[in-house]
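Heads up, the thing below is written out as structure tokens.
The values are calculated or read from the model by the stated rules, or taken from the named source; none is laboratory data. The structure presented is a predicted model; accordingly, all values stated were derived computationally and were not measured. When we count neighbours, we look across all protein chains shown, and the Cβ atoms used for this are built from the backbone with ideal geometry, even at glycine.
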Amino acid sequence: MRKQIEGVDFAVDEHIWGHRLYDEQLPHLAVLEFLGVLGSNVNNPLQAAPTERVRYRPQRQIRLRGLLFNNPYVESVRERAIPDEDKWKAWKELFADDATGLGDDDMNYLQQVFLSFDDFAKAIELLRSSAFEARSNKRWSSKFVFPFGPDALYEDLRVDSGGASNDRRFFARTGELMYLMLCRAARGPELGQKLIERIFNSKVPMNRLVKALQGEPQLANDARDVGYLPYTSHPRFDRLCEDWLAILSRDMPIYDALEHLITSAGLNLLMYFLECSKTQSGDAEPVEIVCEIVSRERTKVRALSGDSYQINQALSLRAVRTAVEQIKLTDVWSAALGSEDPEGECAKLLRAWFQWPPASGDDESDYEHISGDELVRMLAEKAQSRHEQHFGKIHAAWSRAIGLSSRRLARRTRYAPNDRLLKTLVVTIVDERMQFDEFLHEVRRRYGLVIGDAEGAHLVREKQVDQEALSENRGNLEMRLVGLGLVRRLSDSCSFVENPFGSKVDD
């Protein structure tokens with residue numbers, strides 16, 4: 001019996017990828033949600049067994065986010081030529097007009113924390129400058145400060161006259177799935193301990209500043225269960241875990257490391273999405289991502305990279321149709337067709353597998369008088385339509401967010417990794433130094449990225465591209481990395497990729 005998933009009319013996407021991945025929850029939001037779950041499980045981080053229920057009670061920090069993102073008055077009051085006490089009084093009156101009444105109606109504590117109104121205003125300015133999407137048009141309750149420490153973490157909220165609620169738009173459970181993935185990785189507990197040590201230090205200066213603004217933490221009313229992940233293990237869970245451990249071992253401040261952790265999370269979640277799509281479709285070939293390294297001259301790899309992008313974009317929709325139609329190949333389906341009530345038995349079977357069609361007597365018409373083949377066709381159509389709304393946009397949204405895809409200098413989207421992604425690949429893969437060709441091989445092995453002629457030899461054999469074009473593409477990457485200070489050329493035939501943060505952090 002498959003798990004029944006609450007909150008969905010029918011479960012197809014959920015049994016392929018989990019409940020749920022979501023296109024609007026970009027990698028930085030997934031990591032923030034993940035850290036919120038981790039913060040509720042600091043005593044046993046990433047140690048839950050696959051059969052164990054994971055729960056968490058996220059922080060809401062309404063005072064903090066109100067001060068940072070729903071407080072346009074602080075600058076104007078700061079500029080007034082009036083005594084400090086009058087500035088506090090004027091600001092509190094203005095802030096009270098927009099207060100939610102959810103713990104932000106008494107802000108007098110701020111005067112006890114900050115020596116002057118100017119110090120208070122400078123703290124607001126500093127934290128705003130580090131926030132994610134601070135200048136976006138998102139609602140103020142869906143903007144996030146950089147995760148400087150445990151007091152800077154909070155969930156996405158909708159705040160209106162009825163109170164505050166988590167409507168799952170930007171914290172849609174992808175971070176919860178990340179938590180389960182890393183729990184099910186072989187080295188998950190080791191990673192959990194390192195994350196607690198590096199990120200959940202409440203005494204670091206920036207977290208103390210956040211706490212000064214927020215005061216005591218504000219928590220959700222009740223603890224909640226995390227989402228549903230259909231796999232007890234998966235190679236991609238271990239890859240994500242190993243990559244994060246590698247990044248955390250580098251000799252760099254945790255605030256810099258977090259940027260690489262976010263990009264790494266996005267890349268591995270994207271690979272998980274594509275790998276599960278292929279597996280569901282019965283395609284045993286590994287995911288392939290042909291990358292154009294953008295240069296001044298248009299290259300022959302561009303068209304191939306665009307084709308590769310389109311092929312991968314179509315994978316998930318094919319997986320959905322396969323997931324629905326494969327029931328017709330099972331023995332239980334054949335038995336249902338051969339029963340005395342084939343329509344009713346087929347409907348029951350589909351209900352057990354996909355939570356659809358609705359039981360007889362619901363508002364829907366009576367599905368038990370429709371043939372099994374017609375029910376499958378109807379469900380496949382419904383599943384594909386729903387998939388295209390969000391799941392089907394994940395490949396495009398996430399690949400763009402991590403800097404893997406681009407339309408720059410081209411008419412259609414193709415894979416063209418930017419400098420930020422390339423830096424993360426070097427920081428993740430290279431301990432100290434690595435021969436350039438070995439680096440290209442490792443990028444292909446871990447993430448399916450095809451850049452040079454050795455990795456794309458099969459494309460040359462299939463006459464999709466000539467070897468010279470891939471060799472030129474390889475050379476373009478080498479020059480990009482030289483420009484970034486990440487490659488040292490010893491001779492025309494010998495180059496090394498060097499990680500400037502390669503030395504290990506002392507335990």
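Quick notes on this structure:
- All conditions but one from (1) in a loop (DSSP other than H, G, I, E, B); (2) modelled with pLDDT of 95 or more apply to GLU85; the one that does not is (1).
- Residue count for region 85-109 satisfying the condition of being of a type outside the set (Ser, Thr, Tyr) and within 24 Å of ALA220 (Cβ to Cβ): 10.
- Taken together, GLU6, GLU24 contain a single residue that is without any contact (Cβ under 8 Å) to a residue 60 or more places away in the chain and surrounded by fewer than 23 Cβ atoms within 10 Å (Cβ to Cβ), which is GLU6.
- Residues being in a helix (DSSP H, G or I), in contact with a helix residue (DSSP H, G or I) (Cβ under 6 Å, 6 or more places away or on another chain) and without any contact (Cβ under 8 Å) to a residue 60 or more places away in the chain are represented in region 61-75 by at least one member.
- Exactly one residue out of LEU110, LEU115 is over 30 Å from TYR179 (Cβ atoms) and in contact (Cβ under 8 Å) with a residue 60 or more places away in the chain, and it is LEU110.
- Number of positions in region 109-134 that are loosely packed, with under 13 Cβ neighbours inside 10 Å and under 27 Å from the mean Cα position of the chain (by Cα): 2
- Between ARG184, ARG173, the distinction of being touching a Gly at 6+ places or on another chain (Cβ under 7 Å), in the same structural domain as LEU67 (by TED's automatic domain parsing) and buried (at least 18 other Cβ atoms within 10 Å of the Cβ) belongs to ARG173 only.
- Assessment of region 385-393 against the conditions (within 30 Å of ALA454 (Cα to Cα), under 24 Å from the mean Cα position of the chain (by Cα) and of a type in the set (Ser, Thr, Tyr)) yields no matching residue.
- Looking only at region 64-123, residues that are on the phi > 0 side of the Ramachandran plot and among the polar types (S, T, N, Q) come to 0 in all.
- Selection of region 360-394 for residues being touching a Leu at 6+ places or on another chain (Cβ under 8 Å) and at pLDDT below 95 yields only TYR367.
- Exactly one residue among ARG489, ARG420, ARG407, ARG444 is closer than 30 Å to CYS276 by Cα, at pLDDT below 95 and among the charged types (D, E, K, R), and that residue is ARG407.
- Candidate set: region 479-498, residues that are crowded, with 18+ Cβ neighbours inside 10 Å and under 31 Å from the mean Cα position of the chain (by Cα); chosen: the one nearest to ARG239 (Cα to Cα): VAL497
- Highlighted here are the helices (runs of 4 or more DSSP H) found entirely within region 166-276 that include at least 3 residues which are over 17 Å from LEU32 (Cα atoms): 188-199, 205-214, 235-248.
- Filtered residue count, region 395-420, keeping only those that are buried (at least 22 other Cβ atoms within 10 Å of the Cβ) and farther than 19 Å from LEU304 by Cβ: 2
- If you go through region 149-160 and pick out every residue that is surrounded by fewer than 24 Cβ atoms within 10 Å (Cβ to Cβ) and among the hydrophobic types (A, V, I, L, M, F, W, C), you end up with 1.
- Of the criteria (1) closer than 17 Å to GLN61 by Cα; (2) over 37 Å from the mean Cα position of the chain (by Cα), which one LYS92 fails: (1)
- Test: residue in region 280-299 that is farther than 20 Å from GLN4 by Cα, at pLDDT below 95 and basic (Lys, Arg): yes
- Number of the exception - PRO72 against (1) over 30 Å from SER281 (Cα atoms); (2) crowded, with 16+ Cβ neighbours inside 10 Å: (2)
- Qualifying position, being more than 14 Å from PHE69 (Cβ to Cβ) and either in a helix (DSSP H, G or I) or among the small types (Gly, Ala, Ser) (or both), among GLU93, GLU125: GLU93
- Residue within region 99-122 that is assigned to a loop (DSSP other than H, G, I, E, B), under 30 Å from ALA257 (Cα atoms) and either touching a strand residue (DSSP E or B) at 6+ places or on another chain (Cβ under 8 Å) or charged (D, E, K, R) (or both) present: no
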